[in-house]
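Scroll down for the structure; my scribbles are underneath it.
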Amino acid sequence: MTVDPSELEAHPHGIDTSVPHSARIWNYWLGGKDHYPVDREAGDQFAAVYPGIFDLARLSRYFLGRVIRHLAGEAGIRQFLDIGTGLPTADNTHEVAQRVNPASRVVYVDNDPLILAHANALLVSDPRGATAYIQADLHDPEAILAEAEKTLDFDEPVALILMQVLGHVPNGDGDAQARSIIRRLMEALPPGSYLALNESADTNELNAKATSLYNESGAVKYYLRDPEQIAGLFDGLEVMEPGVVPIQDWRPDPNPFGDSPDVGVWGGIARKA
């Protein structure tokens with residue numbers, strides 16, 4: 001996105017371009033075009049401390065693709081609720097799912113108005129399935145569920161997708177807030193539904209240092225968790241093999257370029273009995 005400086009004063013979609021936003025920074029790290037100077041500056045400052053952030057973003061995207069292929073294929077899931085979806089890029093959830101089964105139905109949720117401005121790009125669905133977008137906040141599960149019901153059938157299994165979004169939820173008090181959000185969402189979904197997530201861990205020293213500096217930039221803070229905390233987000237669900245592991249180790253595709261780096265992100269999927 002090439003932005004005229006005059007647009008920075010008042011964006012027609014009500015977007016605050018004076019403060020970096022995680023979805024736009026993530027888009028920048030993925031090589032996208034939907035970001036502003038403030039986002040690129042924050043992204044470059046992070047990368048100056050932790051150059052591996054570009055690998056982290058790329059591997060997280062690959063993990064999402066493998067998870068959706070598994071859920072839409074082997075697990076037979078036809079409905080997906082993707083919260084914190086971010087800006088459209090290659091291999092969005094509905095594209096991967098509908099390649100496996102064209103009848104897949106996907107609801108995206110995000111709170112960034114720039115994503116709403118790009119909704120037409122997100123909503124290009126296979127006509128045999130459905131794709132919808134909700135502008136809502138992760139912290140309001142009831143509002144998300146009420147809107148998602150207009151597209152998804154909650155009498156049939158649904159995959160809840162939470163990729164790199166729970167980092168915006170404080171992780172204190174035994175991770176009570178994040179666990180409560182997950183519980184409220186999963187309680188509304190029938191048996192046979194799945195939770196799929198990944199989160200950045202505190203295991204990479206440079207990532208932890210860069211995140212600390214990022215949290216001082218004025219952007220919405222991001223909270224790293226230790227691997228045990230990330231695994232704990234699946235409590236009460238049946239975790240699928242190979243468990244909650246570094247994302248490059250979760251059912252990896254053959255890699256002709258060698259082993260992927262360990263970027264300090266853990267994830268997995270689990271089934272509601």
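None of the figures in this text is laboratory data; all of them are computed from the coordinates on show. Since we're looking at a predicted model, the values are computed, not measured. We place every Cβ from the backbone using ideal geometry, glycine too, and count neighbours over all the protein chains shown.
Below is a table of values for the structure above.
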read-out: Surrounding net charge for residue 38, when Lys and Arg each add one and Asp and Glu each subtract one, Cβ distance under 12 Å; value: -2
read-out: The chain: most fluctuating residue of 259, 173, 55 per GNM, C-alpha cutoff 10 Å; value: 173
read-out: Rough spin-label spacing in nm, given labels placed 7 Å along Cα→Cβ, for residue 101 and residue 143; value: 3.1
read-out: Isotropically averaged projected area of segment 5-271, using the convex hull of Cα atoms (one quarter of hull area), nm²; value: 13.8
read-out: Burial ordering of 163, 186, fewest other beta-carbon atoms within 10 Å first; value: 186, 163
read-out: Relative contact order (%) - the chain, alpha-carbon pairs under 8 angstrom, separation at least six; value: 19
read-out: Antiparallel bridge percentage (DSSP; both residues within the chain; nearest 5); value: 35
read-out: Residue order, fewest to most surrounding Cβ atoms within 10 angstrom, among 46, 54; value: 54, 46
read-out: Charge-dipole axis of segment 187-268 as Lys and Arg at +1 and Asp and Glu at -1 on Cβ define it, positive-most pick from 208, 248, 264; value: 208
read-out: Most mobile of 23, 176, 130 in a GNM of the chain (Cα contacts under 10 Å); value: 176
read-out: Least to most buried among 96, 19, 49 (fewest other Cβ within 10 Å first); value: 19, 49, 96
read-out: For segment 94-186: Kirkwood Rh in Å [reciprocal of mean 1/r, alpha carbons]; value: 14.4
